[in-house]
Number of protein chains: 2
Amino acid sequence: MSPTGRRRGTPGTRGAILRVARRHFASRGYEATSLRTIAGAAKVDPALVIHYFGSKEGLFAGAMDLPPRLLETFDEMASLPVGEAVELLVRRYLEVVDSDRSRNAVLALVRSAVSNETAATMLREFLSAGMLRSLEGRTQRPDAERRAALVAAQLVGIAVLRHVLRVGAVASATRDDLVALVAPVVVQYLEGPGDGCRSGP
Amino acid sequence: MSPTGRRRGTPGTRGAILRVARRHFASRGYEATSLRTIAGAAKVDPALVIHYFGSKEGLFAGAMDLPPRLLETFDEMASLPVGEAVELLVRRYLEVVDSDRSRNAVLALVRSAVSNETAATMLREFLSAGMLRSLEGRTQRPDAERRAALVAAQLVGIAVLRHVLRVGAVASATRDDLVALVAPVVVQYLEGPGDGCRSGP
């Protein structure tokens with residue numbers, strides 16, 4: 001402890017911050033939880049949290065055990081045309097769920113989410129905080145939030161069929177195969193008329 | 001017991017057949033399991049299994065605690081143009097996951113599937129036996145199986161966001177809202193070029 005009663009960085013500090021962050025994000029949600037609150041509850045200086053995690057988003061990604069690269073994706077997408085942005089999103093998402101380390105974290109989270117309200121809240125917050133917000137900005141439709149959430153549903157479902165249920169046709173597909181089929185569907189979600197199939201041929 | 005050593009129908013017989021069916025479908029898969037094998041293992045006449053469940057598909061639906069109406073949907077779809085067939089599929093699927101009784105069965109299965117190989121196999125068999133086969137016939141593409149599996153991933157993901165994670169925009173949407181957005185995406189999966197977004201504008 002320093003003279004102010006705040007912990008300096010020690011080997012266990014990072015883990016302690018993450019435990020506090022998980023608890024706060026899960027109980028209060030992402031929006032209502034500030035980096036400062038977490039620093040206070042973990043009895044560390046907010047600057048130390050920034051030092052370890054860079055930002056509140058980075059802290060959240062750390063609490064979710066997500067690779068920082070997924071968060072960078074949301075920033076990179078902003079400067080790309082919608083088709084390329086969506087292909088990047090789908091590809092990075094698949095890279096995350098396919099990598100051994102991240103896949104285990106994501107699957108553990110999905111496992112927990114279906115039986116545990118805390119984990120369900122964490123995953124909901126992640127979808128809202130990152131993916132949904134990033135995609136909502138991509139459509140001018142009044143039901144943008146619903147469209148973005150359906151894209152998230154598609155991506156969550158792919159992880160479940162690929163790595164939990166291991167349905168052959170999705171489990172054995174290359175990432176390129178999946179990107180080629182899934183990206184146009186995401187664009188359709190973001191830009192399609194959304195009035196069913198009646199308008200089609 | 002009858003003189004042949006086979007059980008006649010008694011109040012507990014239906015449940016006993018279902019327990020045997022669950023074990024067989026899960027351990028050997030849907031294709032490799034015959035109605036006759038299950039009747040034999042349950043020590044009942046195959047005619048009694050037909051009497052209770054109508055067919056192997058009906059027995060499987062019973063073992064999964066699925067409403068028979070979902071199976072009828074696959075038959076009804078065969079006579080409809082693709083757009084209407086897909087709208088019917090999405091609507092019936094949502095009716096199933098939204099009904100109290102079926103929702104609990106489906107969610108229990110998803111919960112089990114993420115931590116239990118037997119349940120995962122049951123769910124994979126269900127997707128293969130019913131939905132995938134029904135949708136594969138709807139596309140002439142060489143990657144039909146993959147396209148159908150991605151539709152299944154979309155529908156599984158919607159159930160997870162709507163009823164497990166309860167993401168607001170999907171949880172609060174009416175079935176009409178969801179059908180209007182999801183059905184065109186399913187058609188895109190079945191009929192789209194599948195070469196990414198490069199071919200678009």
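The values are calculated or read from the model by the stated rules, or taken from the named source; none is laboratory data. Just so it is clear, the structure is predicted and the values come from calculations on it, not from any experiment. Every residue, glycine among them, receives a Cβ derived from its backbone with ideal geometry; neighbour counts consider all protein chains shown.
General observations
- Residue in segment A:157-167 that is surrounded by fewer than 24 Cβ atoms within 10 Å (Cβ to Cβ), under 21 Å from B:PRO193 (Cβ atoms) and at the interface with chain B (Cβ under 7 Å from one of its Cβ atoms) present: no
- Residue match in segment A:27-36 (condition: farther than 27 Å from B:ALA120 by Cβ, surrounded by 17 or more Cβ atoms within 10 Å (Cβ to Cβ), within 15 Å of the chain's Cα centre (by Cα) and modelled with pLDDT of 85 or more): no
- Where B:THR139 falls short, out of the listed (1) within 10 Å of another protein chain (Cβ to nearest Cβ); (2) more than 24 Å from A:ARG147 (Cα to Cα); (3) at pLDDT 75 or above: (1)
- Here A:ALA113 meets the list (1) of a type in the set (A, V, I, L, M); (2) surrounded by fewer than 20 Cβ atoms within 10 Å (Cβ to Cβ); (3) at pLDDT below 90 almost entirely, failing just condition (2).
- Filter result for A:ASP195 (closer than 17 Å to A:VAL96 by Cα and either aromatic (Phe, Trp, Tyr) or surrounded by fewer than 23 Cβ atoms within 10 Å (Cβ to Cβ) (or both)): no
- The set of residues in segment B:62-93 that are assigned to a helix (DSSP H, G or I) and over 24 Å from B:ARG22 (Cα atoms) comprises B:GLU76, B:MET77, B:VAL82, B:GLY83, B:GLU84, B:ALA85, B:VAL86, B:GLU87, B:LEU88, B:LEU89, B:VAL90, B:ARG91.
- Residue in segment A:181-194 that is among the acidic types (Asp, Glu) and within 7 Å of another protein chain (Cβ to nearest Cβ) present: no
- Within segment B:168-180, the set of residues being without any contact (Cβ under 8 Å) to a residue 12 or more places away in the chain, part of a helix (DSSP H, G or I) and more than 7 Å from every other protein chain (Cβ to nearest Cβ) comprises B:GLY168, B:ALA171, B:ASP176.
- Residue in segment B:8-22 that is more than 14 Å from the chain's Cα centre (by Cα), at pLDDT 85 or above and among the polar types (S, T, N, Q) present: yes
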